[in-house]
Structures are given as structure tokens and as C-alpha cells.
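K.L.:
The following block contains the structure, expressed as C-alpha cells.
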Amino acid sequence: MTLRQFAGLGALLSLALPGLALAAEPAAEPVLNSGDTAWMLTATALVLFMTIPGLALFYGGMVRSKNILSVMMQCFAITGLISILWVVYGYSLAFDATGMEEGVVNFSSFVGGFQKAFLAGVTPASLTGAAALFPEAVFITFQMTFAIITPALIVGAFAERMKFSAMLIFMAIWFTLVYAPIAHMVWGGVGGLMWDWGVLDFAGGTVVHINAGVAGLVACLVLGKRKGYPTTPMAPHNLGYTLIGAAMLWIGWFGFNAGSAAAANGTAGMAMLVTQIATAAAALGWMFAEWLTHGKPSALGIASGVVAGLVAITPAAGTAGPMGALVIGLVSGVVCFFCATSLKRKLGYDDSLDAFGVHGVGGIVGAILTGVFAAPALGGFGTVTDIGTQVWVQFKGVAFTVVYTAIVTYIILKVLDVVIGLRVNEEEEAVGLDLAQHNERGYNL
């Protein structure tokens with residue numbers, strides 16, 4: 001071998017050996033991001049705070065004094081029930097991606113399987129996340145809090161007249177047949193029906209609010225009006241509780257929306273900002289609409305406007321910019337005001353605490369306007385280049401959710417009504433559900 005050949009061989013070896021060394025090294029282990037983990041732990045606690053005590057107080061203050069415990073009891077019982085169902089099979093039905101293929105519509109496009117039933121395979125070392133890695137256990141709990149508040153929102157539509165036993169059975173079946181499939185179709189990933197359609201729903205406009213609002217409307221229609229409605233005065237017994245509850249919802253919603261970024265990053269920061277802007281705008285929009293229409297602004301009105309704004313910005317929180325949030329908030333505040341007052345009176349349905357008027361309508365407004373204000377041309381941070389096309393996609397997602405939820409909810413309620421009965425009798429309704437269903441009083445004088 002000549003000196004030149006030897007030198008050439010050495011050069012080849014010097015190039016090859018580093019590659020061989022790299023090939024021999026094991027792949028880097030996934031590394032947990034402690035900052036993102038801390039944020040997701042905090043966001044999870046904030047979302048649970050929205051149901052208990054936030055929603056419990058918000059709804060509890062709006063009913064008559066003889067029913068305050070029944071509403072709070074329903075919120076607490078739903079929290080316990082859905083927590084257990086979520087770990088047994090709910091998480092799997094919502095997020096198991098087995099059998100899902102992009103562009104292919106099959107059974108797995110509508111609901112997940114049972115690969116994650118009883119949280120199979122979940123350990124302290126299990127990680128998840130796209131922008132950064134954090135424990136899968138935290139993601140499971142975070143999504144559990146969404147699954148908890150959604151059926152709890154429905155309570156506001158049939159408050160003061162549904163049997164507690166019927167409520168529990170209805171919520172278990174509804175969670176299984178409605179919530180979990182809708183969550184899977186929207187958030188389940190590539191291959192999910194509405195995911196593949198391109199529906200934008202950052203934190204639950206369709207999954208949580210339209211879903212719950214439409215179910216609430218169907219429930220109040222199936223159960224019928226409260227005894228004496230609308231001729232008998234049924235004023236809220238403690239608006240102080242309602243305002244405290246609304247404030248808790250406002251604070252907790254930062255976990256709801258900013259937490260849906262699944263990381264402590266710029267998207268979470270912008271989601272927090274637009275949530276505050278939209279909520280403030282909706283509160284003022286409702287307040288001034290009521291002031292101009294009825295002559296005086298009310299505490300109940302501004303509290304309802306707060307929730308309307310929180311609802312409407314939810315689907316857009318990850319894509320809308322500040323000015324888009326301002327418009328979404330103002331529109332939702334005004335539209336929800338008229339739907340919860342004038343429209344409800346005109347159509348005559350007894351949506352006791354305006355679950356549909358605020359959550360259903362606010363969710364629809366927010367979902368449609370997400371298609372508009374996600375466009376960078378209008379200050380958004382999405383990838384929308386054709387606003388008309390995206391609005392059509394959003395409309396499809398809204399329409400599918402409304403129709404699916406309405407039909408399945410109706411069937412569940414009608415079957416339960418035949419089997420066990422849904423409504424308390426007239427005597428129990430007159431005495432109040434606190435005593436009739438729980439043998440307790442909210443106030444002992």
C-alpha cells in the first residue's frame with residue numbers, strides 16, 4: 001500500500017468512525033419539561049375550580065332558596081361520577097387513536113376504542129405533549145375536568161324539577177354516548193371526523209359548550225316547564241352567590257383556555273390575553289344591551305355576560321388576536337342577551353338558568369367567528385387563508401354537533417322517562433328538591 005493509499009484509507013475511516021459511534025449510541029430518552037408540567041398542574045386545578053365551587057355557586061344563587069342544595073349536590077355528584085367513568089373508559093373512548101387513518105372515515109373516526117380502558121399502560125413515567133413533554137397523568141386529569149364541567153352545565157337547563165336518581169343515570173349515559181364521541185371527533189387527532197374536516201376548536205366550543213347547551217335545551221323541553229312558569233315569580237334567591245360563582249368561573253377559565261395550549265408558551269400567553277379581552281367586552285355588551293332595553297343594568301346580567309364571553313372565546317382562544325377577541329366578546333354578549341331574554345320568552349321554553357341561551361348560543365357564535373378571526377389577515381394567529389371556506393368548515397362542525405347531540409340526548413331522556421321517570425311530582429317540586437330529594441335545607445332559620 002502506497003503512502004497516498006494509506007492516507008486515503010485513513011481519511012475514509014475518520015469519516016466513517018464518527019458515524020459508527022453515533023449509530024452505536026442509544027436514542028435520547030424523552031425528557032419531561034418541568035415548567036410546562038407545573039403550568040399544566042395549575043391549569044388542571046383551575047378548571048376543576050370552575051365546577052366546584054364556581055358553577056355550583058353560579059347556578060346555586062340563581063335558583064329559589066328551596067333548591068340551592070339540589071343544584072350544588074348535582075354539581076358535586078357529577079364531579080365524582082364523571083371522574084370515575086373517565087378513568088374506567090371515558091379517556092379511552094375520547095383519545096384512543098387505534099384504527100384512525102387520515103382521510104379515512106371509519107368507526108374509529110367517531111369514537112375511540114378501549115386500549116386505554118382503566119388507564120392501561122399509564123405510569124408515572126408516561127409522557128405526552130407536542131410542544132413539550134409532561135406526564136400523561138396530568139393530561140388525563142386535565143381532560144377529566146373538561147368532561148366534568150360539560151354535563152354539569154346541563155344542570156342549569158332543568159334545575160328545580162329533575163329527580164336526582166334520573167339525573168345521575170342520564171349523565172352517565174350522556175357522557176358515554178355524547179360527550180366522549182364528540183371529544184374524540186374534534187380532539188382525537190388525525191382520522192377523527194371533525195379533526196379531518198379542519199374544525200378549529202381550541203378549548204371546547206363544540207365539545208363543551210354547544211354540546212352542553214343543546215343537551216340542556218332538549219332536556220328542558222322533554223321535562224317541561226317548572227310548575228307556575230312563567231306566571232309565578234321565580235327570582236334568584238342570592239345573586240351574591242351568582243356573582244361570586246361568575247368571578248370564580250372567570251378566573252378558572254384561564255386554566256380552561258390557556259391550559260389548552262398544553263405548554264407554558266406564547267400560545268398560552270395569547271390565549272390568556274384574548275380570554276380577558278373577550279370576557280370584558282361581553283360583560284359590557286350584555287350590560288349596555290340590557291340597560292338600553294330594560295332601562296337598568298343588572299348584576300345577573302353582567303354575570304351572565306361574563307360567562308357568555310368566556311364561552312364564545314373558548315374555541316378561538318388559540319388562534320384569535322386581541323381585536324378579534326374584542327369583536328367576539330361584544331357580539332356574544334349582545335346576541336346571548338337577546339337569546340336568553342327575548343327569544344326564550346317568545347318561544348316559551350323553560351331553560352331555568354339559561355344553559356342554552358348562554359352556553360349553546362355563545363358556543364355557536366364563538367365557533368363560527370373562530371373561522372373569521374383565526375385569519376392572519378384579521379389579526380389572527382391561525383393558518384386560515386380562505387375565511388369563507390373556514391367559516392363553512394366551522395358551520396359544518398356546529399351543525400353536526402347540534403344534530404348529533406339533540407337526537408341522542410332526546411332518545412336517552414325519552415327512554416329514561418319511560419323506565420324510571422325523569423321528573424319529581426308536583427308536591428315534591430312545590431316543597432323544593434332540597435327537602436324532597438335530600439332531606440336537607442339550605443337555610444335553617
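The values are calculated or read from the model by the stated rules, or taken from the named source; none is laboratory data. What you are looking at is a predicted structure, and each value in this text was computed from that prediction instead of being measured. Positions of Cβ are backbone-derived with ideal geometry, glycine not excepted, and every protein chain shown enters the neighbour counts. Accessible surface areas use protein heavy atoms only, side chains included; no ligands, DNA or RNA. Shrake-Rupley method; radii C 1.70, N 1.55, O 1.52, S 1.80 Å.
K.L.:
Looking for something of a type in the set (G, A, S), under 23 Å from L69 (Cα atoms), modelled with pLDDT of 95 or more and assigned to a helix (DSSP H, G or I) - is there at least one such residue anywhere in region 247-265?
P.N.:
The answer is yes, given that some residue of region 247-265 is of a type in the set (G, A, S), under 23 Å from L69 (Cα atoms), modelled with pLDDT of 95 or more and assigned to a helix (DSSP H, G or I).
K.L.:
Another question about this same structure. Taking the conditions exactly as written (of a type in the set (F, W, Y) and crowded, with 24+ Cβ neighbours inside 10 Å), does F400 satisfy them or not?
P.N.:
Here the answer is no, as F400 does not meet what is asked.
K.L.:
While we're looking at this one, here's another question. Would you point out the residue of region 142-166, among those that are open to solvent by 10 Å² or more (accessible area, probe 1.4 Å) and under 19 Å from the mean Cα position of the chain (by Cα), that is farthest from F76 (Cα to Cα)?
P.N.:
Per the criteria, the residue is Q143.
K.L.:
Within region 166-182, identify whether any single residue is assigned to a loop (DSSP other than H, G, I, E, B) and in contact (Cβ under 8 Å) with a residue 60 or more places away in the chain, and answer yes or no.
P.N.:
no
K.L.:
Here's something else I'd like to know. Looking at (1) buried (at least 24 other Cβ atoms within 10 Å of the Cβ); (2) within 14 Å of the chain's Cα centre (by Cα), which is the one condition that is false for F254?
P.N.:
(1)
Per-residue answers, yes or no, for (1) aliphatic (A, V, I, L, M); (2) touching a helix residue (DSSP H, G or I) at 6+ places or on another chain (Cβ under 8 Å); (3) without any contact (Cβ under 8 Å) to a residue 40 or more places away in the chain:
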| site | (1), (2), (3) |
| --- | --- |
| H237 | no, yes, no |
| L249 | yes, yes, no |
| F254 | no, yes, no |
| T267 | no, yes, no |
| L273 | yes, yes, no |
| I277 | yes, yes, no |
| G285 | no, yes, no |
| F288 | no, no, yes |
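K.L.:
What's the number of the condition L93 fails, among (1) under 22 Å from A147 (Cβ atoms); (2) assigned to a helix (DSSP H, G or I); (3) open to solvent by 40 Å² or more (accessible area, probe 1.4 Å)?
P.N.:
(3)
K.L.:
Additional query: From the list G442, G363, exactly one residue is in contact with a Pro (Cβ under 8 Å, 6 or more places away or on another chain) and either surrounded by fewer than 22 Cβ atoms within 10 Å (Cβ to Cβ) or touching a residue at least 40 places away in the same chain (Cβ under 8 Å) (or both). Which is it?
P.N.:
Result of the check over G442, G363: G363.
K.L.:
Further question: Can you find, within region 108-129, the residue that is farthest from L193 (Cα to Cα) among those that are in a helix (DSSP H, G or I) and in contact with a Gly (Cβ under 7 Å, 6 or more places away or on another chain)?
P.N.:
By that ranking, first place goes to S108.
K.L.:
Same structure, new question: Quickly run through region 313-335 and pick out the residues that are without any contact (Cβ under 8 Å) to a residue 60 or more places away in the chain and open to solvent by less than 20 Å² (accessible area, probe 1.4 Å).
P.N.:
Answer for region 313-335, where residues must be without any contact (Cβ under 8 Å) to a residue 60 or more places away in the chain and open to solvent by less than 20 Å² (accessible area, probe 1.4 Å): I313, G324, A325, I328, G329, S332, G333.
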